[in-house]
């Protein structure tokens with residue numbers, strides 16, 4: 001946010017911030033009461049819940065943490081009271097900093113309360129558990145794809161081009177990645193797949209850039225039509241090529257590359273240091289894009305082009321070239337994201353990205369067009385995507401179809417709650433004509 | 001290109017050709033976009049059909065091989081497009097047979113009937129999307145709105161029992177209400193929180209798919225005695241029955257009158273009503289609209305109500321005219337008329353009559369794609385690829401003119417208010 005010298009503007013900004021803080025505080029209070037009443041008092045007094053920490057598919061874990069078994073009602077009431085307390089604290093004190101951090105912490109507590117409630121069992125003999133490590137690993141897969149997508153969005157939109165086609169780049173990358181990984185089918189196959197996925201995503205980005213920059217077409221229309229095209233093209237190719245030649249779609253999963261020693265750390269090890277190469281690539285890309293956009297001359301040019309292309313052109317920056325470069329690079333990143341999705345899900349299937357590209361766009365907005373913010377937002381969305389598919393196996397009195405709506409509803413809530421208050425790059429989505 | 005500045009009289013043939021081409025610019029560009037779209041489809045068929053690839057692979061084996069490969073290539077593409085044409089418009093040999101013997105008219109007319117059947121809900125949904133586009137609103141959620149319209153409409157059509165005069169209008173009304181409900185939320189969110197409608201409507205599409213699955217497995221809507229995701233069957237009094245009777249074999253139905261009514265309504269609404277005028281002004285110049293006293297927030301909500309209502313109507317018309325019940329694949333994949341509607345509205349330049357022609361074209365492509373899949377095994381999704389390619393070309397008329405070396409004059413390009421996330 002730009003702080004202006006004008007007193008009036010300053011007051012407006014402060015009052016908007018205070019209003020937003022109040023809204024977040026109210027949300028937290030509601031979550032706290034809900035936890036207290038439903039997850040706490042709603043559970044019978046002798047119900048137990050257990051949480052396990054063992055890494056998935058690991059028979060020779062060098063360490064072991066026992067299961068944590070708790071009384072559902074009392075644990076959740078304590079969690080609910082903490083959430084309620086934080087909410088009241090924020091409402092009364094209206095702290096200037098750390099509101100979102102508190103909100104993040106509260107969301108995590110709420111999630112634990114939800115899970116404790118979902119796995120509760122009444123009898124003392126058989127205690128069902130939820131595996132925290134499995135939850136984090138599962139969420140990291142969706143999160144990773146969303147990070148790739150939102151980084152792609154950041155690259156394009158910082159240069160002033162709206163990339164709605166991320167979903168299409170996911171589809172293209174996933175398809176090409178699956179074919180390449182299956183055809184090569186050796187130790188290096190996912191390196192080739194990532195490379196080809198990047199090329200495919202970059203080409204889709206080039207198509208978008210070509211139509212949007214050279215012919216000044218509407219970026220949103222072109223993006224939406226590109227997604228439709230890629231969706232139907234992948235469906236066509238799936239029936240025409242992959243079905244008769246199943247060898248093109250073996251569905252290999254990218255092998256984990258454990259980092260020596262570090263991967264043995266309890267919980268953190270399997271989540272952060274025993275992932276496929278795509279995970280490490282994602283972390284490197286986040287750092288790289290942050291550095292490039294905010295610490296280099298190139299990044300300064302990009303942001304100038306995204307904020308005020310005419311001014312940028314005046315000082316000798318080639319606006320159209322910068323936009324071409326960024327849209328193609330952004331497309332390549334999203335293409336790799338598609339390969340990463342395929343590498344964590346297996347066989348290419350039509351429509352299996354199910355709107356993740358659009359959720360990634362929302363994550364980018366939520367992250368305020370910053371790579372670091374996009375990561376935080378992607379984690380929230382990633383966990384909700386994973387939970388919506390995992391909660392079904394537990395004791396939840398909600399239809400699995402209703403659960404499936406949650407990631408999308410959360411996306412809508414986030415976009416509705418934030419978009420008026422975050423500021424996109426000023427020239428985002430506006431065609432630039434060099435006169 | 002010749003240097004026109006130094007040559008005051010350009011070559012006459014070229015000039016008349018250009019003049020002729022430019023005289024009906026929009027139509028010419030659309031026609032050329034169709035040609036280019038079919039060319040894209042031909043390239044895709046060529047590069048993905050095993051028989052064609054095998055023929056080209058052997059092109060160095062003998063002197064005649066390249067010619068043979070070319071022939072195989074043209075045969076495959078030709079058969080595909082011919083079956084598309086025969087299956088969606090008319091089969092010339094069947095037509096000749098009917099004409100000479102007076103028999104088999106049902107078979108001869110089936111392709112046209114199928115295309116019309118496909119086009120009926122498509123026109124309605126596309127007009128809804130087009131009205132939103134004209135107001136500068138991207139309603140990408142027409143499919144979700146059609147799904148909710150279908151759910152509510154089928155619920156009314158199957159659970160209530162009344163005479164046709166009341167039941168059918170009530171069913172259609174339920175569809176409209178469903179679409180309006182689903183459209184109202186993005187509209188309200190956009191108006192009062194600034195949430196961009198593209199993301200919200202797309203998310204609602206997925207929410208509505210989940211809701212459809214939920215509804216189809218619920219005791220209220222699921223066909224009694226069924227384990228699958230199939231809804232109750234609508235009463236015949238709530239269905240749009242075939243125009244020529246149920247035994248005619250032709251599926252074209254009374255929904256055609258609903259479509260015609262919607263087209264007339266859209267023409268009247270956009271060109272004659274004051275609300276429609278407000279819509280168009282808002283789309284053309286939001287600040288001018290604000291200055292002249294148009295309440296932008298109210299307009300946004302109303303646009304979504306109109307657009308969503310029409311999409312919902314399309315959903316229930318689709319259900320009531322073809323399969324009188326819903327199943328899990330209702331409006332999914334290539335059957336998602338809400339997505340096709342976006343491309344149709346763009347192709348028809350958001351005008352009612354333009355949308356009618358565009359719907360007929362895309363309906364023919366869709367129905368033809370089905371026929372092509374039946375005859376040649378080439379998946380019908382190719383039709384959707386061709387449709388999106390056509391729209392990409394129509395959205396960039398300058399590109400089309402450059403490809404065909406036409407003089408670049410002012411075209412009726414898609415004039416939409418381009419904007420970022422915040423407006």
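The values are calculated or read from the model by the stated rules, or taken from the named source; none is laboratory data. Note that this is a predicted model, so its numbers are computed, not measured. Positions of Cβ are backbone-derived with ideal geometry, glycine not excepted, and every protein chain shown enters the neighbour counts.
Let's see how each residue does on (1) surrounded by fewer than 18 Cβ atoms within 10 Å (Cβ to Cβ); (2) within 9 Å of chain B (Cβ to nearest Cβ); (3) in contact with a strand residue (DSSP E or B) (Cβ under 6 Å, 6 or more places away or on another chain); (4) over 20 Å from residue A:102 (Cβ atoms):
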| position | (1), (2), (3), (4) |
| --- | --- |
| A:366 | no, no, no, no |
| A:382 | no, no, no, yes |
| A:401 | no, yes, no, yes |
| A:407 | no, yes, no, yes |
| A:416 | no, yes, no, yes |
| A:424 | no, yes, no, yes |
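None of A:177, A:269 is buried (at least 24 other Cβ atoms within 10 Å of the Cβ) and in contact (Cβ under 8 Å) with a residue 12 or more places away in the chain except A:177.
Among residues of the range A:203-214 being closer than 26 Å to residue A:276 by Cα and buried (at least 24 other Cβ atoms within 10 Å of the Cβ), the one that is farthest from the other protein chains (Cβ to nearest Cβ) is A:205. Does residue B:374 count as assigned to a helix (DSSP H, G or I), at pLDDT below 95, out of contact with any helix residue (DSSP H, G or I) (no Cβ under 7 Å at 6 or more places or on another chain) and over 18 Å from residue B:391 (Cβ atoms)? In short, yes.
Taken as a whole, the condition of being within 17 Å of the chain's Cα centre (by Cα) and more than 14 Å from chain A (Cβ to nearest Cβ) does not apply to residue B:176. Going by the structure shown, is residue A:429 within 8 Å of chain B (Cβ to nearest Cβ), surrounded by fewer than 16 Cβ atoms within 10 Å (Cβ to Cβ), in contact with a helix residue (DSSP H, G or I) (Cβ under 8 Å, 6 or more places away or on another chain) and modelled with pLDDT of 80 or more? Answer is no for this residue. Could you check the range B:190-221 and list, in sequence order, the residues that are within 7 Å of chain A (Cβ to nearest Cβ), surrounded by fewer than 23 Cβ atoms within 10 Å (Cβ to Cβ) and more than 26 Å from the chain's Cα centre (by Cα)? Matches in the range B:190-221: B:193, B:194, B:214. One residue is enough: does the range A:305-324 have a residue meeting the conditions within 19 Å of residue A:139 (Cβ to Cβ), part of a helix (DSSP H, G or I) and modelled with pLDDT of 90 or more? No, the range A:305-324 contains no residue that is within 19 Å of residue A:139 (Cβ to Cβ), part of a helix (DSSP H, G or I) and modelled with pLDDT of 90 or more.
Just one of B:266, B:288, B:210, B:191 is in contact with a helix residue (DSSP H, G or I) (Cβ under 9 Å, 6 or more places away or on another chain), more than 27 Å from residue B:161 (Cβ to Cβ), at pLDDT 95 or above and assigned to a helix (DSSP H, G or I); which is it?
Values: B:288 fails: at pLDDT 95 or above; B:210 fails: at pLDDT 95 or above; B:191 fails: at pLDDT 95 or above.
Going through B:266, B:288, B:210, B:191 in turn, the sole match is B:266.
Taken as a whole, the condition of being surrounded by 14 or more Cβ atoms within 10 Å (Cβ to Cβ), at pLDDT 80 or above, more than 28 Å from the chain's Cα centre (by Cα) and in a loop (DSSP other than H, G, I, E, B) does not apply to residue A:61.
Within the range A:215-237, being more than 8 Å from chain B (Cβ to nearest Cβ) and over 17 Å from residue A:357 (Cβ atoms) holds for one residue alone: A:216. Per the listing B:108, B:115, B:100, the residue uniquely under 28 Å from residue B:361 (Cα atoms), free of Cβ contacts under 8 Å to residues at least 60 places away in the same chain and assigned to a helix (DSSP H, G or I) is B:108.
Residue by residue through the range B:37-56, note down the ones that are loosely packed, with under 14 Cβ neighbours inside 10 Å and within 14 Å of residue B:377 (Cβ to Cβ). Spell out how you get there, then give the answer.
We begin by selecting, within the range B:37-56, every residue loosely packed, with under 14 Cβ neighbours inside 10 Å; these are B:43, B:47, B:50-51, B:54.
Within the range B:37-56, B:50, B:51 qualify.
Look at (1) out of contact with any helix residue (DSSP H, G or I) (no Cβ under 8 Å at 6 or more places or on another chain); (2) at pLDDT below 90; (3) assigned to a helix (DSSP H, G or I) and you find that residue B:9 fails only one, number (3).
Would you point out the residue of the range B:346-365, among those that are under 28 Å from residue A:238 (Cβ atoms) and buried (at least 24 other Cβ atoms within 10 Å of the Cβ), that is nearest to the other protein chains (Cβ to nearest Cβ)? Among those residues, the one meeting the criterion is B:346. Of the set (1) surrounded by fewer than 23 Cβ atoms within 10 Å (Cβ to Cβ); (2) away from chain B (no Cβ under 11 Å); (3) in a helix (DSSP H, G or I), all apply to residue A:396 but (3).
Let's see how each residue does on (1) within 12 Å of the chain's Cα centre (by Cα); (2) within 14 Å of another protein chain (Cβ to nearest Cβ); (3) under 22 Å from residue A:219 (Cβ atoms):
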position	(1), (2), (3)
A:310	no, no, yes
A:315	no, no, no
A:319	no, no, yes
A:322	no, no, yes
A:325	no, no, yes
A:329	no, no, yes
A:332	no, no, yes
A:349	no, yes, no
A:362	yes, yes, yes
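Go through A:258, A:244 for me and flag whichever is within 11 Å of chain B (Cβ to nearest Cβ), in a loop (DSSP other than H, G, I, E, B) and without any contact (Cβ under 8 Å) to a residue 40 or more places away in the chain. So the residue among A:258, A:244 that is within 11 Å of chain B (Cβ to nearest Cβ), in a loop (DSSP other than H, G, I, E, B) and without any contact (Cβ under 8 Å) to a residue 40 or more places away in the chain is A:244.
For the condition over 24 Å from residue A:376 (Cα atoms), within 27 Å of the chain's Cα centre (by Cα) and surrounded by 15 or more Cβ atoms within 10 Å (Cβ to Cβ), what is the one hit in A:292, A:304? Reasoning before the result, please.
Numbers: A:292 fails: over 24 Å from residue A:376 (Cα atoms).
Answer to the selection: A:304.
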